[in-house]
Amino acid sequence: MKKRILALLLSASLALTALAGCSADGAGGSSAESSASSAVSSAESSAASPESAESAEASATHVIVDHAGREVEVPNEIDRVVTTDILPIASVLTVFLGSAEKIVGIHPSSMTAAESGLLGELFPEILEADTSFMQGGNLNVEELLNLDPDVVLVNASSTDLMDAIENAGIPAVGISPSKFGYDILETYDQWIDLLSQIFPESSKSEEISAYSKEVYDLVQERVADIPAEEKKSILFLYQYDENQIITSGKNFFGQYWADAIGARNAAEEVTADNSNAVITMEQVYQWNPDIIMITNFTTAQPEDVLNNTIGGYDWSSVQAVQDGAVYKMPLGTYRSYTPSADTPVTFLWMAKTVYPDLFADIDITAEVRDYYEELYGVSLTDEQIDRMYNPSSAGGVTIIR
């Protein structure tokens, strides 16, 4: 698209030169002859110096290295962005840019979170983005082309998807949710760093990294001396319905959340990746977790576990249920189990929820308000923050397999 624009500009430049020659011809023959000669000379110079055209075109783009290790040439001026199967990135990009005006297409599951969380309320233009080009993990290239994107953001592991997009003549940038060992803060920092390379005029990499480090250090200082036998065990319900219970084993974000706040992942022995970590109630009884965290990748709420309202599962003997320690994870700009703009403050919320005595002085509402105001220029009300930490079931989504 940029090549076509450049060609048109060059053609227009030559046309204007010729027109100038015609105008001079009316004033005097010698002037017209000189202008015509100049136009021909300019045209010959352009034709004889392809390096000049290439240099002009190169100046309109820059090269970044994405999380798949690919060198991707992206435009300096990006006005239309589509995000595909890296679901949180639409929200991260919106908050990063301070607007969703450039985002013309997002995955349907990203839209569900935008509609049910705060993203659509804070940035209503995101609700105008198209979702028709994706069905689950399948891309409709024709629908994508209709959106005329300057760049498309893709899950770095989706090589077929990236190839299809590149073959359609659109730069595809791979962004990884797993490359950084499911370290929530590091992953979010790396996402911001890559976005800062794509959109250097909006760079926030240093500020966000500094805040994340400050939060991490604060939590580590307070949980460092918890004896191993006193560490709380957490069971993450990544997806939970009448047919199955899917947790976070060792190879998913739940492991990092537990380790980073001085707790234990109850399902650490489960080595299956992501959405394959299906478990049974017998395993839950054996682990007997102290805390249960329910993600927003399921419609289940704490009362569904506390009151055994889903399927034939009986949670009544589990320690977390007996203590009423069953929590729904926050839903702010996105589902907070994964990296998102909410990640640093979710880290504080998680630590305070699991170890309230150690973090009694932390005012989550104040922290969230200051974080969004100082780093992103977004003003949140107490009511909005309250909804972030008491989300409805509407943000639940079926896992993409």
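The values are calculated or read from the model by the stated rules, or taken from the named source; none is laboratory data. Since this is a predicted model, take the numbers as computed values, not measurements. Cβ: placed from backbone, ideal geometry, glycine included. Neighbour counts: every protein chain shown. Accessible surface areas use protein heavy atoms only, side chains included; no ligands, DNA or RNA. Shrake-Rupley method; radii C 1.70, N 1.55, O 1.52, S 1.80 Å.
Taking the centroid of alpha carbons for each part, region 289-349 and region 140-212 are 29 Å apart. Remark: region 299-310, residue by residue, has Karplus-estimated 3J(HN,Hα) of 7, 4, 10, x, 5, 5, 7, 5, 10, 6, 9, 10 Hz, where x stands for each Gly or Pro and the curve is 6.51 cos²θ - 1.76 cosθ + 1.60 at θ = phi - 60°. The gain in end-to-end length when the residue 303 to residue 322 segment is fully stretched comes to 5.6 nm, 0.36 nm per residue minus the alpha carbon separation.
Shape class of region 315-401 from the alpha-carbon gyration tensor: oblate, with a/c at 1.5 or above and b/c at least as large as a/b. With 24 Å as the limit, the listed pairs 102/328; 232/352; 204/232; 179/250; 328/352 have 102/328; 204/232 beyond it between alpha carbons. Projected over every direction and averaged, the convex hull enclosing the alpha-carbon atoms of region 134-274 yields 11.4 nm². Counted by Cβ distance under 13 Å from residue 130, the other residues give a net charge of -4, where Lys and Arg count +1 and Asp and Glu count -1.
Label sites at residue 145 and residue 121, each approximated as a point 7 angstrom past Cα along Cα to Cβ, lie 4.1 nm apart. Ligands, DNA and RNA left out, the accessible area of region 62-220 computed with a 1.4 Å probe is 43% carbon and sulfur. Applying 1/(1 + (r/R0)^6) with R0 = 51 Å to the Cβ-Cβ distance of residue 203 and residue 283 gives a FRET efficiency near 0.65.
Rounded, prolate or oblate: pick one for region 154-204, where a ≥ b ≥ c are the square roots of the eigenvalues of its C-alpha gyration tensor, a/c under 1.5 means rounded, and failing that, prolate if a/b is larger than b/c, else oblate. The shape class here is oblate.
The length gained by stretching the chain between residue 379 and residue 224 to full extension, at 0.36 nm per residue less their Cα-Cα distance, is 52.4 nm.
Taking every C-alpha pair closer than 8 Å and separated by at least 6 residues, the mean separation divided by the residue count of region 210-332 gives a relative contact order of 25 percent. Note on residue 370 and residue 250: the model spin-label points, each 7 Å out from Cα along the C-beta direction, lie 3.9 nm apart. Highest-first packing order for the peptide set 84-91, 195-202, 95-102 is 84-91, 95-102, 195-202, based on the mean count of other beta carbon atoms within 10 Å.
How would you classify region 259-351 from its alpha-carbon gyration tensor, with a ≥ b ≥ c the square roots of the eigenvalues: rounded for a/c under 1.5, else prolate if a/b is greater than b/c, otherwise oblate? Prolate, because a/c is 1.5 or more and a/b exceeds b/c.
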